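Colleague: Shown below is the structure under consideration.
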Amino acid sequence: MQIEKQIEAMRREKKILLMTHQIIGYPDFAANEKAIECFYNNGVDLIELQIPFSDPIADGPVFTKSNQAVLEKGIKVSDCLKFIERMARKYPIPFLVMTYYNILYQYGVEAFIDRCKEIGVQGTIVPDAPLDEARAYYDYSRQQGLAAVSIATPYSDPKRLQEIADIGSGFIYYVPRKGVTGSKTTFDSEILDGIQKAKKETGKTIAVGFGIQGPGDVAHLIGTADIAIIGSKIQLVLETEGLSGLDQFLGDIARVNKEE
Amino acid sequence: MKNEMINYLGQNGYFGAYGGRYVPEILIPAVDELNQAFQEILRDEDFYKQYYNLLMDFSGRPTPLTYAAGLSAYFGKAKIFIKREDLNHSGAHKINNVLGQGLLMKKLGKTRVIAETGAGQHGVATAIMAAKMGFQATIYMGAEDAERQYANVFWMKQLGAEVVPVTTGTATLKDAINEALRDWAGNFDNTHYALGTACGPRPFPEMVTFFQSVISKEMKKQINDICGKNPDRIYACLGGGSNAMGAFVEFLQEPGVELVAVEAGGKGEASGKHASRIAYAKAKTGVSQGYKTLFLQDDDGQMLDTWSISAGLDYVGVSPILAHLAETKRVRVLAATDAEVIEAFKLIISKEGLIPALESTHAFAGIFKEIADTKPEDVIVVNMSGRGDKDIFNIGEALQDQGWKTFVTERGKAYAD
């Protein structure tokens, strides 16, 4: 699988990789594109693009409102896919699509995976597709060589953790705490132990998302997580400090890989 | 007997193609824990006795089955009987479910309850349960619903519950469910999500049905005592589906009993402003809010806005059990428009001296549409799921009652001064 090899190669160069996030169409496509350019220029390693859904139950208030704002403008899934295609052709960086299961279900799960592959996407993340319900999605993605990222939490017991590792591909998205996206996570020793345990028991690449606020959190994850995912905070930085603020924010994060 | 009910409803949380538990991974332990506890109480006769005793002692069960002499005489067709869920404490069938879930919470050692509410009846019932059992309660309610049904918001607050108006999405019931799921994902250690209808991830559809089955258990005995036979038809309104499942479940395996659910036809099929998923055949199978069912959605899979004069029926999905029962033709589904509901309301209140909730009035409107096809020896039971006091603002407006308008205006002025 392409993304796994890419991650492996990138990991040889850096202590920790960074995956950033954008909700497609929020605030508009032009702003998304500028943010993505900024991600690329700052050496971001993977980019997660979210196709909005009307009922995003894994998202906190920041993303819930942005999802809604995009849909109120009448932006369709096809518009989002066209935008992703353009970005994936423009920037030589792995793109992953995040969305909710109903978007795939209405498109046709196999057709959606085929389309993602066709437009140069490396993988998908679907938070409401647990392994017990969406086996066909994981299996078909694997067959097509597209990563279907599965999600683990500190509450996944060893048996389920193994099933999560076996069914998914690309890497494991580890949600380190209860709740939804957006609010701060305190990366204490208990959380770090959980990440370590998930890595050890599955032998997979572990990406940690939810509540990462800045360079301090990312630096803290070095040695346990392979990838740090920043979502809501980036939207907040963009909203409050604009592109120059984002540039500064990502520059500060990039430095954690250079620090001794 | 209780286990059998679940077996013929479905297997492993699926009812035909519908059901499941499409929740974020973080909620898997919470739904697992709940499902395990639910499977245990299904086998526990003592739990059921404790539950039914609480309903008798606290909520006033069994509720009567009232012969609708006025309506029956007016039409001169089938005899109509009314199952009086309006006479429950809190004024609706919702209390049956929350008292059951409250006892389950105690078993699970949870101390905080969250709930979503549309019309507010489930919110009030949950707040009552929390006050009685000593739990902390947070109720999520679409901001638009909170405005339409402020009387219920008032009561929830008086009962000590925190009421959180939800402004995301369409600011109605589905958005309140989303917020409750988000809260649950963050707090499942001490918090139980008392979902109010037979929707959502496993085990909620069958669990809510189980707790609401008291309606049809009583109904079956009562109608047989009075008429010496099962009803020929049962009508219930259909939003999420809890009162319909409650009224139908004991008769599912009685092929002679026709089961009719009535959805919110809103401003009519052509208007696009309705909440009819099945009758207007506008819904498609989809996955949202933790389960797979028929949802009103666009081609992309985005959930659509819904409309009903009755906040309690204004929901984008439908119980996966009812989606399956409709597909297999065991339940027939109609829609009644807002206008038909208002006409039905006037008839019920004048002929029976009863004030039904606008939700329940849909079920009556369904009967009135079809009663010409019945014979005088036929027996119809309608589940009057709740009483209409809470709807006084909507009804006053719909009837364009000048006295009511003057009263509200004067009251408003008095507060403004």
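The values are calculated or read from the model by the stated rules, or taken from the named source; none is laboratory data. Please read all numbers here as calculations on a predicted model, not as lab measurements. Cβ sites come from the backbone with ideal geometry, for glycine too, and all protein chains shown count toward neighbours. Areas reflect the complete protein model, heavy atoms only, side chains present, ligands, DNA and RNA absent. Shrake-Rupley method; radii C 1.70, N 1.55, O 1.52, S 1.80 Å.
Colleague: Check off (1) open to solvent by less than 10 Å² (accessible area, probe 1.4 Å); (2) more than 14 Å from chain A (Cβ to nearest Cβ) for B:TYR22 and give me the number that stays unchecked.
Modeller: Going through (1) open to solvent by less than 10 Å² (accessible area, probe 1.4 Å); (2) more than 14 Å from chain A (Cβ to nearest Cβ) one by one, B:TYR22 breaks only (2).
Colleague: So which residues in the stretch B:358-389 are open to solvent by 10 Å² or more (accessible area, probe 1.4 Å) and closer than 19 Å to B:LEU238 by Cβ?
Modeller: Across the stretch B:358-389, the qualifying residues are B:GLU359, B:PHE368, B:LYS369, B:GLU370, B:ARG387.
Colleague: Could you count how many residues in the stretch B:11-36 are farther than 25 Å from A:PRO127 by Cβ and not polar (S, T, N, Q)?
Modeller: Matching residues across the stretch B:11-36 total 1.
Each row is one residue, and each column tells you yes or no for (1) open to solvent by 10 Å² or more (accessible area, probe 1.4 Å); (2) touching a helix residue (DSSP H, G or I) at 6+ places or on another chain (Cβ under 8 Å); (3) under 30 Å from B:SER72 (Cα atoms).
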position: B:ALA275; (1), (2), (3): no, yes, yes
position: B:ALA281; (1), (2), (3): yes, no, no
position: B:LYS284; (1), (2), (3): yes, yes, no
position: B:VAL287; (1), (2), (3): no, yes, no
position: B:ILE349; (1), (2), (3): yes, no, yes
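Colleague: Okay, moving on. Among the residues of the stretch A:1-23 satisfying the criterion of being out of contact with any Asp or Glu (no Cβ under 8 Å at 6 or more places or on another chain) and β-branched (Val, Ile, Thr), which is nearest to A:ILE93 (Cα to Cα)?
Modeller: A:ILE3
Colleague: Here is a further query. Based on what the data block shows, is B:TYR14 within 14 Å of chain A (Cβ to nearest Cβ), surrounded by fewer than 23 Cβ atoms within 10 Å (Cβ to Cβ) and either aliphatic (A, V, I, L, M) or closer than 27 Å to B:GLY239 by Cβ (or both)?
Modeller: Here the answer is yes, as B:TYR14 does meet what is asked.
Colleague: Filter the stretch A:106-118 down to residues that are surrounded by 18 or more Cβ atoms within 10 Å (Cβ to Cβ) and more than 14 Å from chain B (Cβ to nearest Cβ), then give me how many there are.
Modeller: 2
Colleague: Do we find that B:ALA198 is out of contact with any strand residue (DSSP E or B) (no Cβ under 9 Å at 6 or more places or on another chain), in contact (Cβ under 8 Å) with a residue 40 or more places away in the chain, under 17 Å from B:ILE177 (Cβ atoms) and in a loop (DSSP other than H, G, I, E, B) in this structure?
Modeller: yes
Colleague: Can you tell me which residue among A:ALA147, A:ALA88 is touching a strand residue (DSSP E or B) at 6+ places or on another chain (Cβ under 9 Å) and touching a residue at least 60 places away in the same chain (Cβ under 8 Å)?
Modeller: Of the residues listed, the single one that is touching a strand residue (DSSP E or B) at 6+ places or on another chain (Cβ under 9 Å) and touching a residue at least 60 places away in the same chain (Cβ under 8 Å) is A:ALA147.
Colleague: Which of the numbered conditions does A:THR124 fail, given that it passes all the others? Conditions: (1) open to solvent by 10 Å² or more (accessible area, probe 1.4 Å); (2) of a type in the set (Val, Ile, Thr); (3) away from chain B (no Cβ under 14 Å).
Modeller: Condition (1) is where A:THR124 drops out.
Colleague: Among the β-branched types (Val, Ile, Thr), free of Cβ contacts under 8 Å to residues at least 40 places away in the same chain and either more than 29 Å from B:GLN39 (Cβ to Cβ) or within 14 Å of chain A (Cβ to nearest Cβ) (or both), is that true of B:THR172?
Modeller: no
Colleague: For the stretch B:271-288, how many residues are within 14 Å of another protein chain (Cβ to nearest Cβ) and of a type outside the set (D, E, K, R)?
Modeller: Final tally of qualifying residues: 5.
Colleague: Applying the selection to the stretch A:64-88, what residues are β-branched (Val, Ile, Thr) and over 17 Å from the mean Cα position of the chain (by Cα)?
Modeller: A:VAL70, A:ILE75, A:VAL77
Colleague: Which residue out of A:SER78, A:SER54 is farther than 25 Å from B:ILE26 by Cβ, hydroxyl-bearing (Ser, Thr, Tyr) and within 14 Å of chain B (Cβ to nearest Cβ)?
Modeller: Criteria check complete, one pass: A:SER78.
Colleague: Additional query: B:PHE295 versus (1) over 18 Å from B:CYS199 (Cα atoms); (2) without any contact (Cβ under 8 Å) to a residue 40 or more places away in the chain; (3) crowded, with 24+ Cβ neighbours inside 10 Å: which is the lone unmet condition?
Modeller: B:PHE295 satisfies every listed condition except (1).
Colleague: Among residues belonging to the stretch B:28-46 that are within 12 Å of chain A (Cβ to nearest Cβ) and in contact with a Phe, Trp or Tyr (Cβ under 7 Å, 6 or more places away or on another chain), point out the one that is most open to solvent (accessible area, probe 1.4 Å).
Modeller: Here the residue is B:PRO29.
Per-residue answers, yes or no, for (1) hydroxyl-bearing (Ser, Thr, Tyr); (2) farther than 22 Å from B:ALA176 by Cβ:
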{"position": "B:ALA236", "(1), (2)": "no, yes"}
{"position": "B:GLY239", "(1), (2)": "no, no"}
{"position": "B:GLU254", "(1), (2)": "no, yes"}
{"position": "B:ALA264", "(1), (2)": "no, no"}
{"position": "B:ARG277", "(1), (2)": "no, no"}
{"position": "B:TYR280", "(1), (2)": "yes, yes"}
{"position": "B:LYS292", "(1), (2)": "no, no"}
{"position": "B:SER308", "(1), (2)": "yes, no"}
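Colleague: Would you confirm, using the coordinates I've provided, whether A:PRO130 is facing another protein chain (nearest Cβ under 10 Å), in a loop (DSSP other than H, G, I, E, B) and open to solvent by less than 10 Å² (accessible area, probe 1.4 Å)?
Modeller: So A:PRO130 passes the test.
Colleague: From the list A:ILE151, A:ILE253, which residue is aliphatic (A, V, I, L, M), closer than 17 Å to A:ALA129 by Cα and at pLDDT 95 or above?
Modeller: A:ILE151
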